[in-house]
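What follows is one structure encoded as structure tokens, with my remarks underneath.
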Amino acid sequence: MPASQGRVHVRVVVLGAGFGGLTFCQTFRFPGAEVTVVDRCNYHLFTPLLYQVATAGLSAPEIAQPIRSILSRHQHVTVLMDEAWRVDLVAMGLCLLHLQTRRPSHRLTHL
């Protein structure tokens, strides 16, 4: 969004799609903001019920759900299956492990 319109373009990166990351993505409201979720897995595992799967009380698909389907109603959210390698404070960017670049792959407006 152009700065001439008086709006600030905000980019937020959420590291991990656990309970905190998902709750943030579902409740964050900022017009024009881009939210990127970076997680090693493409699913959210509800670990409090893991013992139910171990004792055959539930099947694995009942306690695991794809992150993209959980956040599908939120158009401002993008999900990446990757790991954070490092945060570049000078360039205000995030380097991801699987892209194997030395330069930040995601520019940030706030850390």
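Where a number appears in this text, it was derived from the coordinates with a stated rule and is not lab data. Here the structure is a predicted model, which is why all the values come from computation and not from measurement. Glycine also receives a Cβ, built like all others from the backbone with ideal geometry; neighbour counts cover every protein chain displayed.
Note on segment 72-81: residues that are crowded, with 16+ Cβ neighbours inside 10 Å and either assigned to a loop (DSSP other than H, G, I, E, B) or of a type in the set (D, E, K, R) (or both) total 1.
Can you spot a residue in segment 81-94 that is under 19 Å from residue 33 (Cβ atoms) and among the basic types (Lys, Arg)? No, there is no match, as no residue in segment 81-94 is under 19 Å from residue 33 (Cβ atoms) and among the basic types (Lys, Arg).
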